[in-house]
Every structure is written in C-alpha cells, then in structure tokens.
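Visitor: One structure, pasted below without further comment.
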Amino acid sequence: MSAILASICCVGPLLLVAIGVGSGAVFIGRNYWFFIIGGVAVLTWAWVKYLQEKTVCDCQYKPMQRRRSAMLALLSSTVLVFGFAGLNISRYMFASVPVATETQLANGLNRVTISVEGLSCVACEIPVRHALRRIDGVRSVQVNARTKTAAVDYEPAKTNPEQLVTGINSIGYRAMLPKK
C-alpha cells in the first residue's frame, strides 16, 4: 500500500493522460507530497506492526509466521517509497533557475522558452506537451521538469506566446512569459 501511494505521483499522471483525463494529472502533480507522506506513514505503520509481532513471538518463544516474506515485502516497499521520494526531492535540490528567452529561428519559426510552475516530475511533462501540441501553429515542444520550462517552436502567423501560455494555464499549471 505504501509503495502504491508513493508511486501515484509518477505513475498516476501517466495513466490519467493515457485515458484522456489530463486535468487529473495536474491535481496529482500539485499534491504529490501528500501521496509521498501517506506512503511513508503507511510504511512506518507496517514496520511498527512487524516489529511488535516479532517482539511478541520472541517473548512467547514461538516462530513468526511468514517472517521472510514479510521482511522482503517491507524492505521492497521501503526502497520503493524512498526511491520515489528521492526522485521528487532531487528535482528541488538540483533544479536550476529557468532562463526565459524568445528568439527567431532561420526557418521562419519563433522559439519561446516559457517558465512553467508546478512541473515536479517527468510525468507532469506529458499533459503540458499535449496541451501545447493541440495549438495550431506549434511545430515542436520540449518540456523539462528539471528546469521547469517548455521550449516551443511555433509559426508566428498562426499563434503567439500569449496563446501558448493560455494553453498551459488551461490545464492547471502556471506558465509565465519571458520578461523582455
């Protein structure tokens, strides 16, 4: 249960986008710490119960039932929960400040790098990428959760950076244009 709770922040958005409910992915992305804290709480409760049962069995001089499988399950869950927590913590520790830019490319396209608040993991990139690709005139999109940016190549005759920001904001993230 703890591993499932902790993994919802990464696996949940992928599943929701796959079934066409991208706005639910934003909810999970913004509240992922609750899932990780819930996973750690359930894991702590499981360890306490395991150690209590082990103590009772040791005091009564009887063997503990399924001791190896319980220990393996707890150790596996511990690794998974702290692994998912580590993925999210590393995003904050090693994140760089987004560099917002807007440039004109040689092929007649413009490229804008938009700061996007709320990107916490790779799974959060998917709904942003889909929202931007639905906008007419967008030719390529690169979303990076580590830098919390979306780099978009677009046709200036068909769309503009304000429409791109509106597209991102419509799915629940908070996008900002580069300051000129």
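Visitor: Roughly what would the spin-label model give for R146 and Q104, points 7 Å off Cα along C-beta, in nm?
Guide: Result for the modelled spin labels: 3.3 nm.
Visitor: Still on this structure, I have one more. Points 7 angstrom from Cα along the Cβ direction at A157 and M176: gap in nanometres?
Guide: Taking the simple label geometry, A157 and M176 are separated by 3.4 nm.
Visitor: If I model a spin label at R134 and W47 as a point 7 Å from the Cα along the Cα→Cβ vector, what separation in nanometres do I get?
Guide: 4.3
Visitor: Just from the alpha-carbon atoms, what are the Rg and Dmax of segment 112-180 in angstroms?
Guide: When restricted to Cα atoms, segment 112-180 yields Rg and Dmax of 10.7, 33 Å.
Visitor: Same structure, new question: Run down the aspartates and glutamates and flag those whose C-alpha is under 14 Å from the C-alpha of K158, throwing out any fewer than 8 positions away in its chain.
Guide: Cross-link targets: D136.
Visitor: Could you calculate the contour length gain from R67 to V11, that is, 0.36 nm times the residue separation minus the distance between their Cα atoms, to one decimal place in nm?
Guide: Stretched out fully, the R67 to V11 stretch lengthens by 17.2 nm.
Visitor: Here's another thing I want to ask about it. What are the aspartates and glutamates whose alpha-carbon lies under 16 Å from the alpha-carbon of K54, with same-chain residues fewer than 8 places away excluded?
Guide: Partners found: none.
Taken together, the values in this text are just the output of simple stated rules run on the coordinates, not laboratory data. Model, not experiment: these values are computed from the prediction. Cβ: placed from backbone, ideal geometry, glycine included. Neighbour counts: every protein chain shown.
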